[in-house]
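To start, the structure itself, in structure tokens.
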Amino acid sequence: MSDETITIAFLGVDKRSMSAYEFFFNSIKQIPCELTDDISQSQICLIDKDAYNIQEQYEQFKQDYPEKFILVLSLDDYSCSNDKEFFLKKPVKRDALQATLNQIYDLMSGKSINIIPTLNKTPEQKSAITINDEATTINDEATQKVKINVENNQLKFDVIHDQTMHETIDEINNSITTIKQKRKAVTAKAGKLLKISDEKDFVGVQADIDINDQQQLKKIFYDPGKFLQSIIEKIIIKSRQTESIIQLNVLNHVFYFDYQEQTVYSTVGPGIIRPLCLIPTDHQTSYKIKDPAFRVELHEIIQSNKNKKIKKTREKQSWNMESFMWLITLWSARGRLPKGTSLTDPVYLMQWPNLTRLDSIPHAVRIAALLYEKPHTLPDTAHQLGIEQRYVFAFYSACKTIGLANISHRQTDNTFAPEIPVRHKNKSILSKLLGKLVRFRDKSKMTEIA
Amino acid sequence: MNELKIIFAGPVGSGKTTAIATLSDEAPVCTNQSASDMTRVRKSETTVAMDYGTMTLDAQEKIHLYGTPGQERFNFMWDILTSNGLGLVLLLDNTRRDPLNDMTFFLESFKDYINETAVSIGITQTDIVPLVKIDHYHRKMKELGFNGAIFEVDARSFDDMSHLVQALLFTIDPGLESPA
């Protein structure tokens with residue numbers, strides 16, 4: 001052990017908490033810390049004052065080792081009894097803990113040192129910056145520049161290498177010139193994650209259009225009122241209003257809607273329902289309000305269907321109501337928008353759709369993140385994300401049906417020009433992580449719950 | 001070596017251990033095991049520690065996955081763990097007595113960290129007790145002044161956990177693209 005090392009023991013601190021502190025102490029390179037189980041060997045004792053039955057041990061410790069420094073942690077306020085005692089109120093902030101350790105270190109060693117967090121700093125960065133109480137000295141060597149920002153009343157230092165700066169500029173330029181090709185490649189790759197037939201069914205094949213061309217505009221709208229989608233929407237409202245199960249007959253097929261339990265059951269599977277969504281309904285539907293006692297019977301039917309599905313891998317026939325409406329809309333819209341949707345007004349997303357329980361559309365997470373952050377027009381959303389319009393249109397149509405998205409009529413949303421999405425400083429590593437998540441998306445990895 | 005952390009928080013039994021196991025490239029280990037390399041004097045080896053896993057991106061880059069201890073009494077250490085974190089994945093157990101209160105507690109506890117980074121929330125066990133709906137979580141989140149994705153998840157499902165982390169990444173940077 002060197003003379004500058006601080007030896008720390010714990011009293012009343014849970015073992016899991018100790019690990020967190022150990023992790024933290026290891027990150028403070030300016031003050032080497034050693035942890036010990038032997039209180040008699042420690043210089044500082046970190047005491048959790050909230051631990052069960054700690055008071056007696058604490059008093060005993062003070063009596064046995066009056067020369068040792070004590071760092072008391074507690075949820076309650078505490079008055080230190082002497083200059084060897086320090087107190088931090090929980091939740092402990094790392095800056096406060098560092099400052100207190102620094103103070104103790106000063107008292108112990110008689111030296112003056114300030115602690116800079118060294119997590120993930122390169123050796124060059126560490127040696128480049130020295131901070132004293134009175135002055136800040138920056139070792140600005142020929143190869144380095146230091147950018148100083150003031151954020152939240154704190155100075156933040158970023159060491160920038162000239163070489164790195166040039167590389168960064170080159171990288172940005174390259175990114176700009178190649179971004180369209182790259183986006184197309186990414187889009188194509190994401191599209192492959194769905195079966196081709198599924199993708200066509202969900203988002204269609206419509207190419208991007210020029211929104212100023214009236215002829216092209218006709219291609220991207222559909223009228224939900226002419227299709228099964230609007231009938232189902234009305235039936236769901238009816239089920240909510242009557243608090244009953246509604247039976248809907250479409251051609252020779254039967255659907256049951258139970259708003260109270262948020263369940264839809266049909267006598268046929270997706271193979272039949274999807275084409276039904278594309279046929280103009282005319283007057284080929286009828287409905288009936290079921291007796292409340294039917295709910296028990298319906299439960300039995302659904303359970304029986306689930307069992308059959310397991311045994312014979314039959315098609316799915318029961319859905320959560322929201323998932324069903326999402327699916328019906330995707331099949332109906334096929335990458336188009338409900339008639340009358342504005343392409344020039346911004347659209348907003350009230351909340352993220354429950355994407356883990358809804359059928360996947362390529363780029364849904366990206367679209368949701370952008371629209372949830374702030375309203376954008378639909379064409380601008382596609383443009384900003386570098387994806388085809390049909391993905392955005394499909395996403396918007398489905399979100400609108402389940403009540404999560406709509407056109408924004410706030411004047412302020414029209415006032416501001418669309419902004420380029422903010423790029424994170426660790427964009428490269430985030431992209432790699434994203435790539436890893438997407439690549440292994442189909443990985444069926446089920447582990448036991450610990 | 002560029003290394004970033006994702007913090008997994010939530011009450012006891014919300015699925016943090018499982019989520020990290022699901023995403024991690026290797027079997028999760030305890031932080032005390034990795035920290036032991038750096039500590040000069042070891043305390044006893046019986047320490048039970050935080051859940052820890054890694055996602056290796058390439059030879060130079062790695063994402064660390066840290067699970068905070070779930071008990072409220074450990075909240076004082078959370079600030080210490082979040083240094084250099086990328087964002088927070090909050091898991092909430094829908095079968096707990098008051099999961100909305102849990103959400104409030106954790107969002108408020110990690111408020112500063114979330115404001116600096118981002119949060120995405122996974123609700124587990126919704127198939128067992130569906131009394132609290134996802135809309136209730138969204139409403140509560142808005143009331144508390146936070147923004148982020150909320151999904152129903154099964155912590156054992158890679159697809160679910162992938163969606164949750166993707167949502168976190170796109171919340172941080174909606175313009176992010178996966179490498180071609």
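The values are calculated or read from the model by the stated rules, or taken from the named source; none is laboratory data. Nothing here was measured: the structure is a model prediction, and the numbers come from that model. No Cβ is skipped: glycine too gets one built from the backbone with ideal geometry, and neighbour counts run over all protein chains shown. When the accessible area is computed, the model is the full protein with side chains, heavy atoms only, and any ligands, DNA or RNA have been set aside. Shrake-Rupley method; radii C 1.70, N 1.55, O 1.52, S 1.80 Å.
Across peptide A:363-376, how many C-beta atoms of other chains are within 10 Å of each residue C-beta, on average? Don't jump to the answer; show the numbers that get you there.
Details: counts 1, 3, 15, 9, 2, 5, 15, 4, 1, 7, 4, 1, 0, 1.
For this peptide, the per-residue mean of nearby foreign Cβ atoms is 5.
Averaged over B:5-16, how many beta carbons belonging to a partner chain fall within 10 Å of each residue's beta carbon?
Details: counts 2, 1, 0, 0, 0, 0, 0, 0, 2, 0, 2, 1.
Mean shielding count: 1.
Principal axis lengths of segment A:191-296 from Cα atoms, whole Å, largest first?
If we take the Cα atoms of segment A:191-296, the spans are 54, 31, 24 Å.
Sorted by packing (mean other beta-carbon atoms within 10 Å per residue), highest first, where do B:128-138, A:335-345, A:376-386 land?
Values: B:128-138: 15.4, A:335-345: 17.0, A:376-386: 21.4.
Packing order, densest peptide first, comes out as A:376-386, A:335-345, B:128-138.
Extending each Cα 7 Å along its Cβ direction at residue A:50 and residue A:75, get the distance between those two points in nm, one decimal.
Result: 0.4 nm between the two label points.
Whole percent per 10 Å bin, from 0 to the bin with the longest distance: what is P(r) over all C-alpha pairs of segment A:30-84?
Percent of Cα pairs in each bin: 21, 56, 22, 1.
Would you mind giving the mean number of other chain beta-carbons within 10 Å of the Cβ of each residue in A:95-103, as a whole number?
Working: counts 1, 1, 4, 1, 0, 0, 0, 0, 0.
For peptide A:95-103, the averaged partner shielding equals 1.
Give me the net charge for the shell around residue A:82: Cβ to Cβ below 14 angstrom, other residues only, Lys and Arg +1, Asp and Glu -1. Mind dumping the intermediate values first?
Numbers: positive: A:62, A:68, A:84; negative: A:59, A:67, A:83, A:85.
Charge balance in the 14 Å sphere: -1.
Starting with the highest mean, order A:239-248, A:290-299, B:167-176 by the number of other Cβ atoms within 10 Å, averaged over the residues of each peptide.
Working: A:239-248: 17.6, A:290-299: 13.4, B:167-176: 23.6.
Listed from highest to lowest mean packing, they are B:167-176, A:239-248, A:290-299.
Report, in listed order, any pair from A:93/B:133; A:89/B:111; A:49/B:111 with a Cα-Cα distance greater than 22 Å. Let's see the in-between values first.
Values: A:93/B:133 34 Å; A:89/B:111 17 Å; A:49/B:111 25 Å.
From A:93/B:133; A:89/B:111; A:49/B:111, over 22 Å: A:93/B:133; A:49/B:111.
Quick one: if the Förster radius is 45 Å, what FRET efficiency do residue A:286 and residue B:108 give, using the C-beta to C-beta distance and rounding to 0.05?
On the way: r = 52 Å, r/R0 = 1.17.
It comes out at approximately 0.30.
Ignoring ligands, DNA and RNA, how much accessible area is buried between chains B and A, both sides summed, with a 1.4 Å probe, to the nearest 100 Å²?
On the way: alone 10120 and 27700 Å², together 30200 Å².
Using a 1.4 Å probe on protein heavy atoms, the buried area is about 7600 Å².
With r as the distance between the Cβ atoms of residue B:143 and residue A:108 and R0 = 35 Å, compute the FRET efficiency 1/(1 + (r/R0)^6) and round to 0.05. Don't jump to the answer; show the numbers that get you there.
Numbers: r = 48 Å, r/R0 = 1.36.
Efficiency for this residue pair is about 0.15.
Order A:354-360, A:32-38, A:54-60 from most to least packed using the mean count of other Cβ atoms within 10 Å. Kindly include the intermediate steps, with their values, before the conclusion.
Numbers: A:354-360: 20.0, A:32-38: 17.3, A:54-60: 13.0.
The densest-packed peptide leads the list: A:354-360, A:32-38, A:54-60.
For the pair residue B:136 and residue A:38, what calculated FRET efficiency results from E = 1/(1 + (r/R0)^6), where r is the Cβ-Cβ distance and R0 = 35 Å, to the nearest 0.05?
Working: r = 51 Å, r/R0 = 1.45.
After rounding, the FRET efficiency stands at 0.10.
Name the residues whose placed amide hydrogens come within less than 5 Å of the amide hydrogen of residue A:35, ignoring near sequence neighbours (fewer than 5 apart) on the same chain.
A:8, B:40, B:41
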